[in-house]
1. Using only the Cα atoms of the stretch 2-136, build the gyration tensor, take square roots of its eigenvalues as a ≥ b ≥ c, and label the shape rounded, prolate or oblate: rounded if a/c is under 1.5, else prolate if a/b is larger than b/c, else oblate.
2. Please compute, over every Cα-Cα pair in the stretch 67-176, the percentage with a separation greater than 22 angstrom.
3. So what is the 222 nm mean residue ellipticity for the chain from helices alone, if each DSSP H run of at least 4 adds -39500 (n - 2.57) and you divide by all residues, rounding to the nearest 500 deg cm²/dmol?
4. With springs connecting C-alpha atoms under 10 Å apart, model the chain as a Gaussian network and identify which of 28, 76, 243 has the largest mean-square fluctuation.
5. Identify which of 107, 115, 54 has the largest mean-square fluctuation in a Gaussian network model of the chain, with springs joining Cα atoms closer than 10 Å.
6. Return one number: the angle in degrees, 0 to 90 and rounded to the nearest 10, between the long axis of the Cα atoms of helix 39-55 and the longest principal axis of the Cα atoms of the chain.
7. Please compute the contact order of the stretch 2-136 in relative form: average sequence separation of alpha-carbon pairs under 8 Å and at least six residues apart, divided by the residue count, as a percent.
8. Identify the GluC sites (Glu not before Pro) of the stretch 18-49 meeting these criteria: DSSP loop state and at most 14 other C-beta atoms within 10 Å of the C-beta.
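The values are calculated or read from the model by the stated rules, or taken from the named source; none is laboratory data. What you see is a predicted model; the values in this text were computed from it and never measured. When we count neighbours, we look across all protein chains shown, and the Cβ atoms used for this are built from the backbone with ideal geometry, even at glycine. The area values use the complete protein model at the heavy-atom level, side chains included, leaving out ligands, DNA and RNA. Shrake-Rupley method; radii C 1.70, N 1.55, O 1.52, S 1.80 Å.
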Amino acid sequence: MEKYEKLKQIIKDAGEIVKDGYASGVKADKKSATELVTKYDKEVEKFLISKIAPIFNDYEIIGEESFKGGALPERAIYIDPIDGTTNFVHKIPHLGISVGIWENKEPVFGAVYNPILNEFYSAVKGYGAECNGKKISVTAESELQNSIIATGFPYVKHEMGREYWWVVKSFKKLLPKIRDIRRLGAAAIDLCYLAKGKVNGFYEVNLQPWDVAAGILIVQEAGGEISNLKGGKYSLEDKIIVASNGKIHKKLLENLAEF
Ligand code: IPD
């Protein structure tokens, strides 16, 4: 627990770098036609790794900006320095620093910090989920028709391939069955919104381990459910994540297109 408290402080300190960048305005480079990166993504990741590595020296650290690919290890710390980089560049305050610790392919600690809105979400396996020190939980909504579902779009959408068509087909099926869709722009925070009871479900294709490693535990510890598209146990290598308050999970799965 002491290590986790130190880690939370490191994440809060990293938030100061994000705040500076957000206030001063950011020039972005393109990773691809649609994916952006800024010097702040790299700086925050460097800062986090330099502070976390000496404390958690028996874990592999996998950061969005420095990961070179390959199989995911048994014990790892997944870092997304700024989840919601596009929002960061456009000064939309839905973004967060995400740090998730996994052991034996299971999440044991997760923290997502939005320094702009001063919201710090965290969870330790078996101890519940909290936001700014207060316990949070998913909604009890059981009707899909009364549900707000958050989602995101894959960066490869411009290629109009399989992922793009899955998004379109899922919209066609799901949209008439729910209250509404939200595309807020940061998967880690979307999962925290589910955990806090602001939305009732979430799904997305092509997310990376660092986008969800922390949010998954926060949702589970808030009483929610996480699965792959088939309703089976979600692994960080899965293509599609489906998350909900548990009550609408089956109906949500039934109303997404097959991939
Ligand atoms: C992105 C955000 C976004 C999601 C993308 C992610 P990034 O993370 O979470 O909501 O739709 O798929 O890659 O690139 O800003 O860290």
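1. On the way: a/c = 1.84, a/b = 1.27, b/c = 1.45.
Oblate is the answer for the stretch 2-136, as a/c is 1.5 or above yet b/c matches or exceeds a/b.
2. Details: 3330 of 5995 pairs.
So the pairs more than 22 Å apart make up 56 percent of the total in the stretch 67-176.
3. That calculation yields -10500 deg cm²/dmol at 222 nm.
4. Taking springs between Cα atoms under 10 Å, the residue moving most is 28.
5. 54
6. 70 degrees
7. Numbers: 216 pairs, mean separation 25.3, N = 135.
That works out to 19 percent.
8. Numbers: sites: 35, 43, 45; in loops: 35.
Passing sites in the stretch 18-49 are 35.
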